[in-house]
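Visitor: Encoded as structure tokens, here's the structure I'll be asking about.
The values are calculated or read from the model by the stated rules, or taken from the named source; none is laboratory data. Being a predicted model, the structure only gives us computed values, none of them experimental. Reconstructed Cβ throughout: ideal geometry from the backbone, glycine too, with neighbour counts over all protein chains shown. Just the protein is used for accessible areas: all its heavy atoms, side chains included, with ligands, DNA and RNA removed. Shrake-Rupley method; radii C 1.70, N 1.55, O 1.52, S 1.80 Å.
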Amino acid sequence: MSILKNAIDSIAIGLEDYQSSDGRRIASSTRNIFAGILLLFKHKLCELSPPDSDESLIKQRVLPEMDATGAVNWIGKGKKTVDVHNIKERFNSLGVAVDWNRLERVNKYRNDIEHYYSTQNLQSVQRLISDSFLIIRDFISDHLNEDPKQLLGDDAWAILINVNEVYEKEKSACVDALETLEFFSDEILSSFENYSCNECGSGLIMPSKKNEEAIEVEYVCKSCGNNLPYEDIIGDAVSEYFSHEVYLSHTDGGDSPITACPECEGIYLYSEKICSSCGHTAEHECQRCGSTILPEELYAEPFCGYCEHVMSKDD
Ligand SMILES: [Zn+2]
Ligand SMILES: [Zn+2]
Ligand SMILES: [Zn+2]
């Protein structure tokens, strides 16, 4: 029971920090809310731990011990408890579903607000609270089988609902406006919808005009007022959006989804056949041998890396 109480207290304190007028409590707000979520997860792992195992599932070290009957039991050892990575591994293996992408976003924001963002304002925390709300609500009702409103208390629940509604409303206004613009590809539109302001981390990025070409428009962060031209957003937005696929292409092999544009300094979307910065469409078939030009050979376009090499020798 005590871990669960700590979780609820931590979330409540985080929300109090958020409501305070003291800007210095912003980082504390994000820390407390994130800690509260992890405590909820740990509470679940405690519940699932076998009896007499010293809460093995929340301990980083778990060792087998033999009891008087000769049976082997896994017993939790030491004081170190599980971190986010351990929790994810154990939940996946136990079939406890959590929206990990959303949690990762909360964790990244919490970290960035302490170390990276130069602008910190209350509005930019709304996204973290909104994401946290959905994780907390679903986890409590799906995996703790409790009523989230009752467990969190009316005050905390009201703040969470309210922030989530305000944020979702503003976010969908931004998305609606972005969708009137003409992007080089739908993937780029999606990457803009996922983009967070580089000053404050807010996801409320609004174009200054509608129904124009995306590349011609200025963008403004509705939380901190940061003005961003297309070229300041595109690199970060696209690399963030494809980061998981790029990671997979490194670990599991296969082609990278992005590569350097042969025409400009921008990021070329290989499967979309278009540069996210200049809109250039490269030749993907070698004009000499007809083979496919791979992402890493695209600099040699309209030839493949091999033909380019052979021809440069002939010169
Ligand atoms: Zn901002
Ligand atoms: Zn380009
Ligand atoms: Zn070739």
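Visitor: So, in region 230-273, exactly how many residues are out of contact with any Phe, Trp or Tyr (no Cβ under 9 Å at 6 or more places or on another chain) and part of a loop (DSSP other than H, G, I, E, B)?
Guide: Number of matching residues: 11.
Visitor: Hey, can you tell me all the residues within region 287-315 that are within 16 Å of ligand 2 (Cβ to nearest atom) and part of a loop (DSSP other than H, G, I, E, B)?
Guide: Answer for region 287-315, where residues must be within 16 Å of ligand 2 (Cβ to nearest atom) and part of a loop (DSSP other than H, G, I, E, B): I293, E301, P302.
Visitor: Starting from region 201-212, keep only residues that are within 23 Å of Y109 (Cα to Cα), then list their pairs with residues that are within 8 Å of ligand 1 (Cβ to nearest atom) and open to solvent by less than 10 Å² (accessible area, probe 1.4 Å) whose Cβ atoms are within a distance under 7 Å, requiring at least 6 positions of separation or different chains.
Guide: G201/S124; S202/S124; S202/C221; L204/C221; I205/C197; I205/C221
Visitor: From the residues in region 115-135 that are small (G, A, S) and open to solvent by less than 10 Å² (accessible area, probe 1.4 Å), which one is nearest to ligand 2 (Cβ to nearest atom)? Explain how you work it out, then say what you get.
Guide: Taking region 115-135 and keeping what is small (G, A, S), we get 118, 124, 130, 132.
Next, only the ones that are open to solvent by less than 10 Å² (accessible area, probe 1.4 Å) stay: 124, 130, 132.
Details: S124: 31, S130: 35, S132: 38 Å.
Among them, the one singled out is S124.
Visitor: Another question, if that's okay. Looking at region 171-189 only, could you name the residues that are of a type in the set (G, A, S) and loosely packed, with under 15 Cβ neighbours inside 10 Å?
Guide: S172, A173, listed by residue number.
Visitor: Mind counting the residues in region 216-243 that are under 21 Å from N101 (Cα atoms) and hydroxyl-bearing (S, T, Y)?
Guide: Matching residues across region 216-243 total 3.
Visitor: Moving on. For region 136-163, what are the residues that are assigned to a helix (DSSP H, G or I), open to solvent by 20 Å² or more (accessible area, probe 1.4 Å) and of a type outside the set (A, V, I, L, M, F, W, C)? Spell out the reasoning first.
Guide: Restricting attention to region 136-163, the residues satisfying the condition of being assigned to a helix (DSSP H, G or I) are 136-143, 148-152, 154-163.
Remaining after also requiring open to solvent by 20 Å² or more (accessible area, probe 1.4 Å): 137-138, 141-143, 149-151, 154-155, 157-159, 161-162.
Of everything in region 136-163, those that are assigned to a helix (DSSP H, G or I), open to solvent by 20 Å² or more (accessible area, probe 1.4 Å) and of a type outside the set (A, V, I, L, M, F, W, C) turn out to be R137, D138, S141, D142, H143, K149, Q150, D154, D155, N162.
Visitor: Which of (1) away from ligand 2 (no atom under 16 Å from the Cβ); (2) of a type in the set (S, T, N, Q); (3) modelled with pLDDT of 95 or more is the odd one out, the single condition T251 does not satisfy?
Guide: (3)
Visitor: Okay, moving on. Only residues in region 275-289 that are within 15 Å of E182 (Cα to Cα) count as the first member; pair them with residues that are open to solvent by less than 10 Å² (accessible area, probe 1.4 Å) and more than 16 Å from ligand 2 (Cβ to nearest atom), Cβ under 7 angstrom, at least 6 apart or cross-chain, and list the lot.
Guide: As it stands, the answer is none, since no pair meets every condition given.
Visitor: Show the residue pairs that are 6+ apart or on different chains and have beta-carbon atoms under 7 Å apart, the first residue being within region 295-315 and in contact (Cβ under 8 Å) with a residue 12 or more places away in the chain, the second being open to solvent by less than 50 Å² (accessible area, probe 1.4 Å) and small (G, A, S).
Guide: P295/S256; L298/A282; E301/A282; C304/S291
Visitor: Here is a follow-up. Could you tell me which of the residues P51, P64 is outside any helix (DSSP H, G or I) and open to solvent by less than 80 Å² (accessible area, probe 1.4 Å)?
Guide: P64
Visitor: May I ask you to list pairs of residues, at least six apart or on different chains, whose Cβ atoms are under 7 Å apart, with the first in region 7-35 being under 14 Å from D155 (Cα atoms) and the second being modelled with pLDDT under 95 and of a type in the set (S, T, N, Q)?
Guide: G14/S29; D17/S28; D17/S29; Y18/S29
Visitor: Right, next: In region 299-312, is there at least one residue being within 30 Å of N101 (Cβ to Cβ), within 16 Å of ligand 3 (Cβ to nearest atom) and out of contact with any Ser or Thr (no Cβ under 8 Å at 6 or more places or on another chain)? Show your work before the answer.
Guide: Applying the first criterion (within 30 Å of N101 (Cβ to Cβ)) to region 299-312 yields none.
The answer is no; no qualifying residue exists.
Visitor: Considering (1) open to solvent by less than 60 Å² (accessible area, probe 1.4 Å); (2) more than 15 Å from ligand 1 (Cβ to nearest atom); (3) closer than 27 Å to L128 by Cβ, say which one H284 fails and leave the rest.
Guide: That leaves (3) as the condition not met.
Visitor: Determine if region 249-257 includes at least one residue that is β-branched (V, I, T) and open to solvent by 70 Å² or more (accessible area, probe 1.4 Å).
Guide: Yes - at least one qualifying residue is present in region 249-257.
Visitor: Just checking, which of C289, C261, C304, C275 is surrounded by 15 or more Cβ atoms within 10 Å (Cβ to Cβ), more than 16 Å from ligand 1 (Cβ to nearest atom) and more than 33 Å from the chain's Cα centre (by Cα)?
Guide: Residue meeting the stated conditions: C304.
Visitor: All but one of (1) buried (at least 16 other Cβ atoms within 10 Å of the Cβ); (2) at pLDDT below 95 hold for D112; state the number of the condition that does not hold.
Guide: Single failed check for D112: (1).
Visitor: A further question follows. Just to be sure, is S239 open to solvent by 10 Å² or more (accessible area, probe 1.4 Å) and more than 17 Å from S185 (Cβ to Cβ)?
Guide: Working: open to solvent by 10 Å² or more (accessible area, probe 1.4 Å): yes; more than 17 Å from S185 (Cβ to Cβ): no.
Against the criterion (open to solvent by 10 Å² or more (accessible area, probe 1.4 Å) and more than 17 Å from S185 (Cβ to Cβ)), S239 does not qualify.
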